[in-house]
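The values are calculated or read from the model by the stated rules, or taken from the named source; none is laboratory data. Note that this is a predicted model, so its numbers are computed, not measured. Virtual Cβ from ideal backbone geometry, glycine too; neighbours counted across all protein chains shown.
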Amino acid sequence: MLPVAIIDSQKYFFDATSSLRPFDLLPLELLLCRGIVVKKDPYDWVTLASAKKASERSMVTVNIQGGGDISGTIQSVCSDYAALNFRTEQLKKKDNEMVRNVFNLDELIQIDSTKIFAKDSVDLPITINARFSSKAYTQNTEDKIYFNPHFIQKFTKSPFTEPTRKFPINFGHQREQTTVMYINFPEGYEVESCVADREIHPLKDIIGFSRRSAVEGNTIRITVKFGIKGLSFEPMYYEMITMLYADIIACMNDQIVLRKIRPKQPEPAAPEVKQQIQAEQPAASTVTPSAKKKSKK
């Protein structure tokens, strides 16, 4: 049984049975369930829903060295159901392990330090600051560096594995995930190929993924967004949603290639033009026949 408050004809349900969430954040297992509102007037059937969403906003700064070593920082804020998920599933683990699980970090990335704020303050978002590094994340050749730019929140497998589905897909609440990455690469390198911009929205703005990239000097900026605004989807949309996840996984396997800038070779000097100076010859004198006769006399 849940208490309900009606304000301006809008119903607000509350639950205070857990110390890990505020009373206005309903339990996940109750979302989209139907119930009866008990009151003096004729009862009402309602579907329990929450205006709260799982919101996660992250900023990642990565520095790549000439030899391919990387180091960087993560700053992330998890709100509402994202914070609840963190508190419910992660608080029994060590901080570094929590960060690795929350951000789905690659096993080649080492977490150097972690600070987590408001873990026990259920009315506040959780803020995570972490530092990381790796000597083996990139692949290097004599003049190129290859790496995957999705350092955090990389989709590696789909939550939907069955070929078909006969019952609705219930997400329960909306989801919003935004990650902005700043990748600084070393002087003497240039971007040979960057990840392509992508827009994957099979159901317009109800569920989808986007990625935008730009190169400014020696910094690559990549913005990734994933969102689910629909709470429930009928089985007819199952194939479309599974294809969305498959496309995102393929997209997140893209690589960036950095190329060492070769120094410009000096242009060869123009060949010297040897001027042949032709000596001037004196003009030959011409003697006419009449002149010869006169000379004989």
Could you tell me how many of the residues in the stretch 96-106 are over 23 Å from Phe185 (Cβ atoms) and either in a loop (DSSP other than H, G, I, E, B) or of a type outside the set (Asp, Glu) (or both)? 7
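Just to be sure before I move on: is Ser113 in contact with a Lys or Arg (Cβ under 7 Å, 6 or more places away or on another chain), modelled with pLDDT of 85 or more and not in a loop (DSSP other than H, G, I, E, B) in the structure I sent?
Working: in contact with a Lys or Arg (Cβ under 7 Å, 6 or more places away or on another chain): yes; modelled with pLDDT of 85 or more: yes; not in a loop (DSSP other than H, G, I, E, B): yes.
The answer is yes for Ser113.
I need the full set of residues from the stretch 66-84 which are surrounded by fewer than 16 Cβ atoms within 10 Å (Cβ to Cβ) and under 23 Å from the mean Cα position of the chain (by Cα), in order please.
Listed by number, the residues that qualify are Gly66, Asp69, Gln75.
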The stretch 59-93, residues that are under 18 Å from Ser133 (Cβ atoms) and of a type outside the set (A, V, I, L, M): Thr61, Asn63, Gln65, Gly66, Gly67, Gly68, Asp69, Ser71, Gly72, Thr73, Gln75, Ser76
Among the residues of the stretch 224-255, the number that are in a strand (DSSP E or B), out of contact with any Phe, Trp or Tyr (no Cβ under 6 Å at 6 or more places or on another chain) and either surrounded by 17 or more Cβ atoms within 10 Å (Cβ to Cβ) or touching a residue at least 60 places away in the same chain (Cβ under 8 Å) (or both) is 4
Looking only at the stretch 201-215, count how many residues are at pLDDT below 95 and either within 30 Å of Lys144 (Cα to Cα) or basic (Lys, Arg) (or both). 1
For the stretch 164-181, does any single residue satisfy the condition of being within 30 Å of Lys144 (Cα to Cα), assigned to a loop (DSSP other than H, G, I, E, B) and assigned by TED's automatic domain parsing to the domain that holds Gly230? no
For residues that are outside any loop (DSSP other than H, G, I, E, B) and in contact (Cβ under 8 Å) with a residue 24 or more places away in the chain, scanning just the stretch 17-41, find the one that is nearest to Arg87 (Cα to Cα). Leu28
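Quick grid of which residues meet (1) surrounded by 13 or more Cβ atoms within 10 Å (Cβ to Cβ); (2) of a type in the set (Val, Ile, Thr); (3) touching an Asp or Glu at 6+ places or on another chain (Cβ under 9 Å):
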| position | (1), (2), (3) |
| --- | --- |
| Arg21 | yes, no, yes |
| Val37 | yes, yes, yes |
| Val46 | yes, yes, no |
| Ile64 | yes, yes, no |
Qualifying residue in the stretch 189-204 (condition: in a strand (DSSP E or B), aromatic (Phe, Trp, Tyr) and without any contact (Cβ under 8 Å) to a residue 60 or more places away in the chain): no
Residues in the stretch 57-95 that are of a type outside the set (D, E, K, R), in contact (Cβ under 8 Å) with a residue 24 or more places away in the chain and in a helix (DSSP H, G or I): how many? 7
